[in-house]
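The values are calculated or read from the model by the stated rules, or taken from the named source; none is laboratory data. Treat the numbers as computed from the prediction; the structure is a model and nothing was measured. Cβ placement follows ideal geometry from the backbone for every residue including glycine, while neighbour counts extend to all protein chains displayed.
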């Protein structure tokens, strides 16, 4: 049976010891969606946000945040990322965000990919809140991860039509 890895036998919180694990190429992709009104999307398309281009600022914020994941998540290992990217797709009812993180190391990069899309979504909210306060950040999840002892994981399920 699987167990939580961040606890020892006595239930005490610990950082997982990865010193015996081989350094292998690791990749992860994550997803987030920020639901917003059509008028807000039209403003984003026209780059009429009061604070500038929210999509491009969000991309940069997500990339920067991925590089600082270990500072944000207490028991996360610091990794030397070799690649991070965030992309955005404007849809009818919001903005779909995806990220990809890559590193060679003894542990995966899922947290870095999740932090990237989460901070990108929060940045879009911040950039667009003057236009709409009711935006929703939803559907934050790992799409795929590869590398390491546990192999490849691909999220099952249907994609939501936008």
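General observations
- So residue 132, is it touching a strand residue (DSSP E or B) at 6+ places or on another chain (Cβ under 9 Å), more than 23 Å from residue 26 (Cβ to Cβ) and at pLDDT 95 or above: no
- The residues of the range 96-108 that are crowded, with 22+ Cβ neighbours inside 10 Å, modelled with pLDDT of 95 or more and under 14 Å from the mean Cα position of the chain (by Cα), listed by number, are 97, 99, 101.
- Test for residue 142: is it within 10 Å of residue 29 (Cα to Cα) and either more than 15 Å from the chain's Cα centre (by Cα) or part of a strand (DSSP E or B) (or both): yes
- Residue satisfying all of: in the range 69-92; under 16 Å from residue 54 (Cβ atoms) and over 14 Å from the mean Cα position of the chain (by Cα); surrounded by the most Cβ atoms within 10 Å (Cβ to Cβ) among these: 91
- Subset of the range 10-38 that is part of a strand (DSSP E or B) and loosely packed, with under 15 Cβ neighbours inside 10 Å - its residue that is nearest to the chain's Cα centre (by Cα): 25
- Options 79, 47, 90: the member that is assigned to a loop (DSSP other than H, G, I, E, B) and more than 23 Å from residue 21 (Cβ to Cβ): 47
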